[in-house]
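The values are calculated or read from the model by the stated rules, or taken from the named source; none is laboratory data. All values reported here derive from a predicted model rather than from experimental measurement. Reconstructed Cβ throughout: ideal geometry from the backbone, glycine too, with neighbour counts over all protein chains shown. Calculation scope for accessible area: heavy atoms of the full protein, side chains included, ligands and nucleic acids excluded. Shrake-Rupley method; radii C 1.70, N 1.55, O 1.52, S 1.80 Å.
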Amino acid sequence: MTSTFPDPSQRPVLTLGHPILRQVAQPVEQVNDPALQHLIDQLLTTVRLAHGVGIAAPQVGTPLRVLVVASRPNLRYPHAPTMAPTVLINPSLVAASDDLELGWEGCLSVPGVRGRVPRHREIEVAYLDRQGQPQRRVWEGFVARIFQHEADHLEGILFTDRIQSETDLLSEDAYQALDMAALGGG
Ligand code: ZN
């Protein structure tokens, strides 16, 4: 059953064609700004209710360098690993493995489409947490992929820009059929 009263902290997600998705986002200067903290709460709520595994502030119309990585199994990503949602402010890629791997991605801003995109298998990232403390993390596999996808949003890049072959771009329906076949399910 669908709620008649949407969560007030959920924000609409901009979709392909909106110019903010193509802007380079600006660095955050005041982490303790109440408006920024409110934005972070909205991102956490929006990614959860939209069944995403990550979201970047430009996707809700605020071109600031803030993103959330929140992998967990859900309707859109049934095989995703579970982690505590992580807020990254002014993130940077400190190191990345040379090896790239292809993997399927979707995007709340590109509904109905999945694409197979090359990403670094392992990365190290630096960022400020929502208390303004510097942090570093090493991530690999799907979680590293989420970070690289969301960090692209801060540069105005969408995953479809990184597709290398036309066979690597599928409708959601075609992707779901492929996924079922790969799992031997029906
Ligand atoms: Zn996205």
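Keeping all protein chains in place, calculate the accessible area per residue for the chain (probe 1.4 angstrom), answer in Å². Working shown, then result.
Numbers: 9600 Å² over 186 residues.
Per residue, the chain has 52 Å² of solvent-accessible surface.
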Original post:
Full extension from Met180 to Asn32: what is 0.36 nm times the residue separation minus their Cα-Cα distance, to one decimal in nm?
Top reply: 48.7 nm
**OP:** Pull up the DSSP beta bridges for the chain and report the antiparallel fraction as a percent, rounded to 5.
**Re:** 95 percent
Subject >> Around Gly103: net Lys/Arg minus Asp/Glu count, Cβ-Cβ under 9 Å >> reply: +1
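Summing +1 for each Lys or Arg and -1 for each Asp or Glu, what net charge is found among the other residues whose Cβ lies under 15 Å from the Cβ of Leu16?
Values: positive: Arg22, Arg114, Arg162; negative: Glu105, Asp152, Asp161, Glu172.
Its environment carries a net charge of -1.
Please list the equivalent ellipsoid semi-axes of the chain, computed as the square roots of five times the alpha-carbon gyration tensor eigenvalues, in descending order and whole angstrom. Walk me through the intermediate numbers first.
Details: eigenvalues 131, 82, 50 Å².
Taking √(5λ) for each Cα gyration eigenvalue gives 26, 20, 16 Å.
For Arg22, Arg145, give the ranking by accessible area with the largest first, probe 1.4 Å. Write down the numbers at each step before the final one.
Numbers: Arg22 115, Arg145 15 Å².
The most accessible residue leads, giving Arg22, Arg145.
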Original post:
Based on Cα positions only, what radius of gyration and what Dmax would you give for segment 45-151, in angstroms?
Top reply: 13.2, 37
Original post:
Looking at Val125, Leu100, Ala151, which one has the Cα that reaches farthest to the positive end of the dipole of segment 93-153 (charges on Cβ: Lys, Arg +1; Asp, Glu -1)?
Top reply: Ala151
Original post:
To the nearest 10 degrees, how steeply does helix 172-183 sit against the main Cα axis of the chain, on a 0 to 90 scale?
Top reply: 70 degrees
